[in-house]
1. Between residue 109 and residue 31, with labels modelled 7 Å along Cα→Cβ, what's the label distance in nm to one decimal, could you check?
2. Peptides 141-150, 84-93: what's the order by average Cβ count within 10 Å, highest mean first?
3. Please state the Cα pair-distance histogram of segment 47-158 with 5 angstrom bins from zero: what percent is in each bin?
4. What does the charge count around residue 38 come to, taking other residues whose C-beta lies under 14 Å from its C-beta (Lys +1, Arg +1, Asp -1, Glu -1)?
5. So how far, in whole Å, is the C-alpha centre of segment 24-53 from the one of segment 250-276?
6. Just the number, please: carbon plus sulfur as a percent of the accessible area of segment 1-95, 1.4 Å probe, no ligands or DNA/RNA counted.
7. What number does segment 1-86 give for Rg over Rh if you use C-alpha atoms and the Kirkwood radius?
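The values are calculated or read from the model by the stated rules, or taken from the named source; none is laboratory data. Everything numeric in this text was worked out from a predicted model, so none of it was measured. With ideal geometry, Cβ positions are generated from the backbone for all residues, glycine too; neighbour counts draw on all protein chains shown. For the accessible areas, the whole protein counts, side chains as well, though only heavy atoms, and no ligand, DNA or RNA atoms are used. Shrake-Rupley method; radii C 1.70, N 1.55, O 1.52, S 1.80 Å.
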Amino acid sequence: MTVTITSLTPVFAGEVGAIDLRKVHDRSSLEAIRAGMDTYAVLVFRDQDFTNEEQLDFAQRFDGTLHARTSSSAIGSNRFGNEALADVSNVDRDGKIRDANNRMRASSVANRLWHTDASFVDPPGRYSMLSARVVPPVRADTDFADMRAAYDALDAETRASIEGLRVYHSIVYSRHVLGFDDAMSRDHDWGPRLQIFLGAPDFADHAQAIVAAFAPRDEEIATATEILLAAQSAQWGPTRHHDTLHDRASYRYYWSVLRRAQTTGRAVPQDAAPLFVKVGTNGQSAS
């Protein structure tokens with residue numbers, strides 16, 4: 001089977017010619033697709049009429065063991081009955097739309113942030129397969145970025161400054177910055193029962209240190225406030241801050257900066273107070 005790939009941009013992403021992935025079993029085709037991923041980072045396969053089982057079968061042929069340690073699986077099982085299939089939707093097991101206070105829905109909000117799938121597990125995820133089953137009538141794009149191209153674009157001074165740096169990836173962090181904090185259960189060695197494992201600052205200094213590490217710097221808080229207030233004045237349309245253009249994607253990030261400031265006890269400028277909505281114990285907005 002011949003695999004042909006056409007570039008979609010000058011930097012990355014390619015579209016694979018007509019092919020039915022359900023029928024791709026031969027080693028040469030699988031290796032050609034892997035080589036395409038190495039080159040283009042993102043590959044588009046059109047008109048793949050997958051069932052869930054067929055998608056899982058291809059994924060296993062393509063790269064072996066599937067990642068099934070999702071954050072949502074710690075809250076509840078998904079409607080597909082297989083955590084290797086991430087359910088990117090707001091629908092529950094009965095086909096009903098989850099309400100705004102649903103824990104599964106609240107946890108999934110962090111997927112709107114820029115992220116690399118399964119970067120927080122060992123070994124980390126290698127590939128992600130996104131299959132559109134129901135496409136909404138409005139724009140709901142999934143954006144991709146090639147961090148290899150981003151590194152290539154760095155100047156020599158910046159490259160030198162980050163040489164040897166390491167980053168700690170945590171699924172808890174991305175949920176925390178958007179306001180989803182949850183109790184965690186912990187396995188232990190002295191019996192079959194689970195315990196609630198909470199890090200209260202009074203007796204768990206390491207947990208306090210982790211929370212403190214989330215706190216943004218003063219200049220980050222000030223910049224986020226300026227950008228979001230300008231965006232609010234522009235009714236959340238595109239704005240320019242100094243020489244940089246901003247839109248809803250970056251607004252979400254800067255809102256997360258203020259959210260982190262608020263949840264870690266940092267002072268948030270008074271002008272930014274209207275950006276937050278106080279939520280009452282019944283889940284309704286309160287003044």
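1. If labels sit at residue 109 and residue 31, their model points lie 4.8 nm apart.
2. Numbers: 141-150: 10.6, 84-93: 16.2.
The peptides rank, most packed first, as 84-93, 141-150.
3. With a bin width of 5 Å, the distribution comes to 2, 8, 16, 20, 21, 15, 8, 4, 3, 1, 0.
4. On the way: positive: 34, 126, 148; negative: 31, 63, 146.
The answer is 0.
5. When both Cα centres are located, 42 Å separates them.
6. Working: 2730 of 5720 Å².
Summing carbon and sulfur atoms, their accessible area is 48 percent of the total for segment 1-95.
7. Numbers: Rg = 14.7 Å, Rh = 14.4 Å.
In segment 1-86, Rg relative to Rh is 1.02.
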